[in-house]
Structure formats: C-alpha cells, structure tokens
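A short reminder: the numbers here are calculations on the coordinates, not readings from a lab. Since this is a predicted model, take the numbers as computed values, not measurements. FYI the Cβ positions are ideal-geometry reconstructions off the backbone, even for glycines, and counts take in every protein chain you see.
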Ligand code: NAD
C-alpha cells in the first residue's frame, strides 16, 4: 500500500460532511452516474473518459446513457459548477483527492476479466498525480486487483507521492442507477488500511446508508459473490420452470409460494429467458474462471452459466415447435435491451435469440422503446418497427424478450387480429395464459 494523505487524527467522523475533489475515470454507465450523484451530494467532480465523442456529447449537456432522473440531475450539477467533463488526464488527476476507477472490465477470451482498462487507468493516475490521493476502485474486478493497481501506481510514479487504494464495488442497477446510488441497500468499502476505507465512507455520509467496512479482498469478493448469487437464483428458478412444464404446473405460482418464505424472499425468482446484461454473464464467468485458476472447480457456477445459455435456445426451440419450422416465418421480437428502462443491449438475450432465428431462416422485425438506436449499429439484418403493432402486423409469431411496461398494456385484441398466425412466446411470463387462450392466441410462457 502507498502512504496516506491524512493523519489519523485528521480523519472526519462518518457523520461529518466532507466536500472533496473527486475524479471519476470512465464515464460509462457506472462512472457517469457516480460522477453526477457525487456532484449532487456537493462534491467537486471531474468525469474523465478517453472516448472523445462521449465527452463532447456530455460537454454539450446531453447524457450518453438512458437512465431515469439522470438528465435533470446532470444539468443541475453542471450549472452549479460542480461537475465537468474532460478527456485529459493532466486536467483531471492533479487536483483530485479521490480518484474513482469506473472503467469497463470486459470478459477476455476464456471468460476471465480483462483488466487492460484498469491497468491503463492506474498508470495514468501514477503519471499525473502531484499530491497524495486515494484511488477507489468501483469497477468489478478479480480478487487482488487492488494490489495490482497499487503496484502499477508505485512502478509508474514520477516521484514517490503517498496514495492509498480502496475497493468500493458498485451495486447500482441500470434503469434505476440514480435511485440506487442515492438509496443504496449498503455501501461496501474495503482496504488494507481501514482508515482509508473510513475516509471513502465519509464521501457518502449524506446518504445515511449502512456501510460495511472490510478488507480489500473481502470487498472485491462481495461484488462477485452477490452477482453470482443473483444469477444462481435466476438459473435455479429456470430449472424449476423446466420441471414445472413437465409436471404441468405454473412456475409463477411456485415462485410466489416460495417467495413468501422469509428465508427465500420474492425477488430474482422470475423464470424466463435468462439473465443478460453487461454484468451477470461476465461476472459469473469471471468468478468461475478465477476460481479455476486457483485450482478450484466451481461446479455450481458452471451449472448456473449452462442453464442460462440453454434458456435462450429453448425459447427459439419452443417457437420452432409451435410454427412447425422457422424458415421464411415472420417473427416479431418485442424488446431488445437486456432489461426494461435501459438502452443497454450488452449480452442481451434478444440479440442471441435474433441471431438464432436468422440462422434458421426466419424473417425478423423488432421494436424496443429505447434500445433501437444502439441495436441498429450492431444488427442491420432485421427490420426495426415504430411500435409493437407494426411488429405484429402480418407476423407469424411474436416473441416477448424484454418486459417493458408498455408491453403489459398492449391492446392484445388488436395485436391478434393483425397477425397472420396468433402465436405468442412470452419469454418473461408477463401475460396471463388463460386470458391469452381466451383471446385466441397460441400462447407459450416459460414453465407454465
Ligand atoms: P462502460 O463500458 O459503460 O464504461 C466504461 C467507460 O470507461 C467507457 O466510457 C470507456 O471509454 C472508459 N474508459 C476505458 N478506459 C479508460 C481510461 N483508461 N481512461 C478513461 N476512460 C476509460 O462500463 P460500465 O457499465 O460503466 O461498467 C464499469 C464497471 O462497473 C465494470 O467493471 C462493470 O462490471 C461494473 N459495474 C457495472 C454496472 C452496470 O450496471 N453497468 C453495475 C455495477 C458494476
């Protein structure tokens, strides 16, 4: 560990409001929300990103992600002079007391976390720091990465300036990231030096949130373990759903009954097309591969991954069975983002389902309330429609992939009359099977 910028006696108690100078490296989903929310709490914040286009858009006052509540808050803190955006490390690092690393940690070839951006961020901190500071890792990283960051900074500093490394993993959910930052269930903050962790906790004091201070490795592990557990609940209920289909009962009722048990709880027990997004798939794999590299074979984690992969294929298989083949069938896909209220399509089940449908010769059209502009950049072999009704008109089947609220409120009678064949595969179990059959649909959910 590097040295500490403050003496023990200078350390503020948690209830003392600290206004600090904070730089956030990486202005993506996590970094931008973190920067905006820290500025909202009163801190002086600089958001740094190497993506010049992203920074230009942000400097222009336009948020680069779709996130409820973010635009208003961003305009407010920028106008108040507490948040600025830059691509220049030399502008962002020297003045910072705290530098948060919020860069991506994408999967490498075998599923292990690729730390290239974290390493680059650490090096840039070392090369530009001119006074003692605290480096706080917010990215989701393998256990021990804090030590790697520490080493990279020490090896690349121009002169020996004290610094500390803290892990403060992020638990915000896309679609409610601002709310989650402002009302966290808990803050997890870990460091070899508990005083450093306490100082980082003080940055959040205004939130009055429960704080768990732990060691560096504990904090890093809590993030992976939490995501792996949530993913495991989803794969678990999807396995139960497969059994439910065979014994002819409804997994939704089964999950409801299970969730009423306080030891189990109702959340993350929704059977469907499986988990997606930029976190669960990569984090479960990264944890499994990390365990393997340490000589442990993670049987349960591997099963979680396998069930999830198969779940996406099963949906297409169901559709093939109902239609009696997929070649030249017009299939409408409702929802592209990996979950509602976001435009994020990273590891979105919809992309895999669409690729699978195209490979089998289907003609695909789609609608998503937010994700179509991003999807267009990656996927140009499908037709994008202006609304769900245009997707349904003349289609042989609809596959509901993302449970956006607007899909719950559809005029299903209108949908049915406009379709060539009234087939709906409900990948998120949002419709009532009985009502759908009464309306004349051929309806298939997951585990019902
Ligand atoms: P993202 O890809 O949206 O953003 C990362 C940003 O970092 C990009 O804008 C990129 O240009 C920038 N960047 C990369 N290297 C840089 C460098 N050296 N200097 C400056 N900028 C650099 O990623 P994200 O979704 O915000 O995720 C960031 C981390 O947070 C990941 O480790 C992720 O697992 C974790 N996380 C994400 C979420 C989520 O909901 N997205 C939630 C919790 C944790």
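The alpha carbon centroids of region 131-179 and region 213-240 are separated by 20 Å. Between the alpha-carbon centres of region 79-127 and region 24-62 there is a gap of 11 Å.
Listing 110, 312 from the residue with the fewest other Cβ atoms within 10 Å to the one with the most, what is the order? Display every interim value, and only then the final one.
Working: 110 10, 312 21.
Ordered from fewest to most neighbouring Cβ atoms within 10 Å, 110, 312 come out as 110, 312.
Largest mean-square fluctuation among 320, 154, 437, in a Gaussian network model of the chain whose springs join Cα atoms under 10 Å apart, belongs to 437.
With the cut-off at 1.5 for a/c, could you classify region 246-342 from its C-alpha gyration tensor as rounded, prolate or oblate? Show your work: numbers first, answer last.
Numbers: a/c = 1.83, a/b = 1.29, b/c = 1.42.
Oblate, since a/c reaches 1.5 and b/c is not below a/b.
Pair-distance distribution of region 373-448: all C-alpha pairs, bin width 10 Å, starting at 0; shares per bin in whole percent are 18, 52, 25, 5.
Label region 102-188 by shape, choosing from rounded, prolate and oblate, from the square roots a ≥ b ≥ c of the eigenvalues of the Cα gyration tensor; if a/c is under 1.5 it is rounded, and otherwise prolate applies when a/b is larger than b/c, oblate when it is not. Verdict is oblate for region 102-188. What does the C-alpha gyration tensor say about the overall shape of region 71-135? Classify as rounded when a/c is under 1.5, otherwise prolate if a/b is larger than b/c, or oblate. Cα axes put region 71-135 in the oblate bin. Ellipsoid semi-axes for region 337-405, based on the Cα gyration tensor and the rule √(5λ), read 17, 15, 11 Å when sorted largest first. Between region 370-448 and region 270-323, what is the C-alpha centre distance in whole Å? For region 370-448 versus region 270-323, the Cα centre distance is 24 Å.
Two numbers describe the Cα atoms of region 40-179: Rg and Dmax, which are 15.6, 45 Å.
Return the single residue from 137, 283, 193 with maximal mean-square fluctuation; model: Gaussian network over the chain, springs between Cα atoms under 10 Å. Greatest mean-square fluctuation among the candidates belongs to 193.
Comparing 220, 245, 67 in a Gaussian network model of the chain where C-alpha atoms under 10 Å apart are linked, the largest mean-square fluctuation is found at 245.
Would you mind ranking 50, 140 so that the residue whose beta carbon has the fewest other beta carbons within 10 Å leads the list? Each step should come with its number before you reach the end.
Numbers: 50 17, 140 24.
Neighbour counts put them in this order, fewest first: 50, 140.
Going from the residue with the fewest nearby Cβ atoms within 10 Å to the one with the most, 420, 242, 164 rank 420, 242, 164. Each listed q (0.16, 0.20 Å⁻¹) maps to a log10 I(q)/I(0) for region 151-255, found by the Debye formula over equal Cα scatterers with no solvent: -0.84, -1.04. Here, region 295-448 yields an orientationally averaged convex hull projection of 9.9 nm² when only Cα atoms define the hull.
From the gyration tensor of the Cα coordinates in region 12-103, what semi-axes in whole Å does the equivalent ellipsoid have, largest first, with each one equal to sqrt(5λ)? Each semi-axis is √(5λ); the values are 20, 16, 11 Å. Against the chain, whose longest principal axis is taken from its Cα atoms, helix 70-79 shows a tilt of about 30°. Rounded to the nearest angstrom and listed largest first, the equivalent-ellipsoid semi-axes of the chain from its Cα gyration tensor are 43, 23, 20.
Between helix 349-359 and the chain there is an angle of about 50 degrees, using the helix long axis and the longest principal axis of the Cα atoms.
Taking only Cα atoms, what is the 0 to 90° angle, nearest 10, from helix 194-203's long axis to the longest principal axis of the chain? Roughly 70 degrees between the two axes.
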